[in-house]
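One structure is given here, and the rest of the page talks about it.
The values are calculated or read from the model by the stated rules, or taken from the named source; none is laboratory data. Everything numeric here is computed off the predicted structure, so don't read it as measured data. Here the Cβ positions follow ideal geometry from the backbone for every residue, glycine too, while neighbour counts run over all protein chains shown. Calculation scope for accessible area: heavy atoms of the full protein, side chains included, ligands and nucleic acids excluded. Shrake-Rupley method; radii C 1.70, N 1.55, O 1.52, S 1.80 Å.
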Amino acid sequence: MFRSRLALLALLLSPFASISPAEAHGSHGGSGEALEAGDFDFTPILTIEGHGGFDNNLEDQPRHYALDGLFGGVFEWGLGNGGSFAIEAAIGPALVWGEAEHFYGKVHVDDHDDDHDDDQKDHDHHDDHDEDHGDHDDHEDDHDDDHGDHKGHDDHGHDTDFKRTDIKGFLQARYAPNDRLSFELSWNPYYVTKDQGEDIQGLKNELGAKAIWALGDGDVNFALGDGIEDLVNGVYLSVDHRQGWESDGMYVGNYTDPRVGLGFTFGGDEISLMIEAGPSFYVPGSYAGLDSRTDYAGEIELSVPVGDATLFLHWQHVYTWEDASGWGEGWQHHVGTGVTFTF
């Protein structure tokens, strides 16, 4: 799960999930407007998204592609003063090509080197016993086979054949005391349906907490005559903390992203654009054998309402300067596009 945005449900449909002009006052919430105190609204949602991840900083440059279809809903209660409390949930199939989604920063640990060292010790042992030449020849054949397997491992990052259908979900609780501040707790489960390649059958888990503070009123619309000087009203700050586990229970790590963002609307169709960036403080799990580091992370999102649907396109990117075993300096990208329907 690349930096953990699930089909933009929170970003496109729910009030205060992300402070951009189209969302700052709950304009994409369940009711389309901020609810009055005591009011309740439920909005069914369906999101279809195609997306791909590109780990270009890793030696074998793994890829993953998927097509998701998620159905769920937003339960929202008005609290007055422009505030609300909302619970969002969705679940659906994820068609997988290449690797399954994974938590950011996962290192592809390769135990081949350990196997190679063990084989070499056996090889030396056979050299000391001439009478075991037959066994030595058999060992050499096995050793060559191991090298063939290793070559196959190197190529796994470019295996983009269709693999299987997994199941993914999303659950989030969000409290917004007013129209400029919100707090979120989220759980992103992902079930791998069978062992395949480096994917292990079982449930991947990701837990997150996020706070967002809009510095302005969020109402920046160039189509209505706003100018460049009004962009300050679309600025917001956010802090996002995430922790991830693999399907075998391995703790992948955690990151904390403080970001500065800007959102505004333009065009007659109220096209919304959101841009955000900042440092990412990453702490790898002990399995990786790597130190904590600071990366750069950013995101650009574009959304266009079309009747009861919203078309969207987003690009998440990370640059890491760390160059260590199993990890490398360079970019990771995640690009996705799709449509969300509200009913």
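Of note:
- Flag for F71 being more than 22 Å from D161 (Cα to Cα) and touching a strand residue (DSSP E or B) at 6+ places or on another chain (Cβ under 7 Å): yes
- Taking the criterion of being open to solvent by less than 70 Å² (accessible area, probe 1.4 Å) and not aliphatic (A, V, I, L, M), the residues of the range 40-51 that qualify are D41, T43, P44, T47, E49, G50, H51.
- For the range 261-268, the condition of being touching a Lys or Arg at 6+ places or on another chain (Cβ under 8 Å), open to solvent by less than 30 Å² (accessible area, probe 1.4 Å), within 29 Å of G69 (Cβ to Cβ) and touching a residue at least 12 places away in the same chain (Cβ under 8 Å) holds for none of the residues.
- Qualifying residue in the range 149-162 (condition: in contact with a Ser or Thr (Cβ under 8 Å, 6 or more places away or on another chain), surrounded by fewer than 17 Cβ atoms within 10 Å (Cβ to Cβ), modelled with pLDDT of 85 or more and part of a strand (DSSP E or B)): no
- Among residues of the range 272-287, those that are more than 30 Å from L224 (Cβ to Cβ), surrounded by fewer than 20 Cβ atoms within 10 Å (Cβ to Cβ) and not hydroxyl-bearing (S, T, Y), counted: 3
- When residues in the range 29-80 are screened for being outside any loop (DSSP other than H, G, I, E, B) and closer than 30 Å to Y175 by Cβ, 24 of them pass.
- Any hit, the range 295-305, residues being within 18 Å of the chain's Cα centre (by Cα), surrounded by fewer than 16 Cβ atoms within 10 Å (Cβ to Cβ) and among the β-branched types (V, I, T): yes
- Subset tally (residues that are outside any strand (DSSP E or B) and either open to solvent by 50 Å² or more (accessible area, probe 1.4 Å) or not β-branched (V, I, T) (or both)) for the range 186-233: 25
- Selection count, the range 55-83, where residues are over 17 Å from Y319 (Cα atoms), open to solvent by 30 Å² or more (accessible area, probe 1.4 Å) and within 17 Å of the chain's Cα centre (by Cα): 2
- Annotation note: Cβ proximity below 9 Å between a residue of the range 93-108 that is on the phi > 0 side of the Ramachandran plot and a residue that is among the aromatic types (F, W, Y) and open to solvent by less than 20 Å² (accessible area, probe 1.4 Å) (sequence gap 6+ or interchain) occurs for G105/Y255; G105/Y282; G105/W327.
- Only residues that are in contact (Cβ under 8 Å) with a residue 40 or more places away in the chain and either closer than 24 Å to F183 by Cβ or of a type in the set (D, E) (or both) were counted in the range 215-237, giving 6.
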